[in-house]
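What follows is one structure encoded as structure tokens, with my remarks underneath.
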Amino acid sequence: MELDVRHLRVLLTLADAGSVSSAAARLGVSQPSLSAQLTRIEHAVGGPLFTRSREGVRPTSVGLLVIDRSRDLVDGLEGMLREARRQTSDVGPLRVGCNTSRYFSAFLLELDQLGFAREVRPCVDTSSAVITEYLLGGEVDVAFAGVHVGFDDVCPDGLRQAVVVRSEPFFVALAASHPLAAGGEVRLAALGDDEWLLPPGKPDGTYAALMDAFRHAEISPASPLGRQSLPDFWAYIAAGRAVALAMPSDVPAEGVVLRPLAGHPVVGTRVVRWKPTRVTEEEAEVCVSAARATFLRELEETAMLQPWWEEFPAHRPSL
């Protein structure tokens, strides 16, 4: 096997993260997959680059040499690509990844308001994990994603990141006839006997945060329908057949109410991530401004019109 820049990024991420688990999270891959890749790299180099222990991984003497040279090579390559891009007039369209079509269409309008001239092409997927994979794979240039602190909030190597929404507590969607619908905050532990609809798409930070919240609440609710898109199942929730995690900006259908979860067991963060080799700093700043303005407009048209906005100010998102 011949080493390429992807392998060098893996080594740098391992060195910076200090453990296989942390590095895997940053790269958006599984721990077994990363361990296997490291073994292949070490075979190509001819010897171990890291020592493993319960405390994590540490570079060997050869590893320190390879990591030092790798950092120079990767930094030099990124600098060369950035400079080449600045001198190239035909940069192509800006490929944008996003979680929802509704948010993306509003984002386009904000870009127009800010005078963004570059052509924009969308790539929409419900999973932030998939959107980040697209970024790392070069299929999109910039992405807007909902992430969760401690799960998928660390920006992968090779990308840049700006926080758009610092804290966004999640709610629970209940049937209006549910015994807990008429009260105040809902304890997650009180929903252990309910059937749950899980976050849609490939498991990402939202899914991991919800599973972690279930463990802390010491509940294991049934979810026979698995991962489903919330708007497609409003009627199912309204009928009292299930409950589901909901964002503050979700507008429930008739017969469904959103209630805040006591203690904020699931809290999201919205970020903009981009590839610096495809997006200039000026373009990134415009995208971040447009994303923030889009989120504020979304709140004005959705959450601020819901009864809970005045009743539970502590559960409002914060920028």
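The values are calculated or read from the model by the stated rules, or taken from the named source; none is laboratory data. The structure displayed is predicted, hence computed values, not measured ones. Cβ: placed from backbone, ideal geometry, glycine included. Neighbour counts: every protein chain shown.
Filtering the range 216-248 to residues that are under 24 Å from the mean Cα position of the chain (by Cα) and of a type in the set (Val, Ile, Thr) leaves only Val243. At least 3 residues being at pLDDT 90 or above and touching a strand residue (DSSP E or B) at 6+ places or on another chain (Cβ under 9 Å) is the threshold, and among the helices (runs of 4 or more DSSP H) wholly inside the range 204-319 those reaching it are 205-217, 234-238, 281-301. Condition first: in the same structural domain as Arg102 (by TED's automatic domain parsing) and closer than 26 Å to Pro93 by Cβ. Can you find one or more residues in the range 299-316 that meet it? No, the range 299-316 contains no residue that is in the same structural domain as Arg102 (by TED's automatic domain parsing) and closer than 26 Å to Pro93 by Cβ.
Here Leu225 does not qualify as in the same structural domain as Trp309 (by TED's automatic domain parsing) and surrounded by 18 or more Cβ atoms within 10 Å (Cβ to Cβ).
Out of all the residues in the range 149-160, is one or more more than 10 Å from the chain's Cα centre (by Cα), outside the structural domain of Ser70 (by TED's automatic domain parsing) and closer than 14 Å to Cys287 by Cβ? Yes, because at least one residue in the range 149-160 is more than 10 Å from the chain's Cα centre (by Cα), outside the structural domain of Ser70 (by TED's automatic domain parsing) and closer than 14 Å to Cys287 by Cβ.
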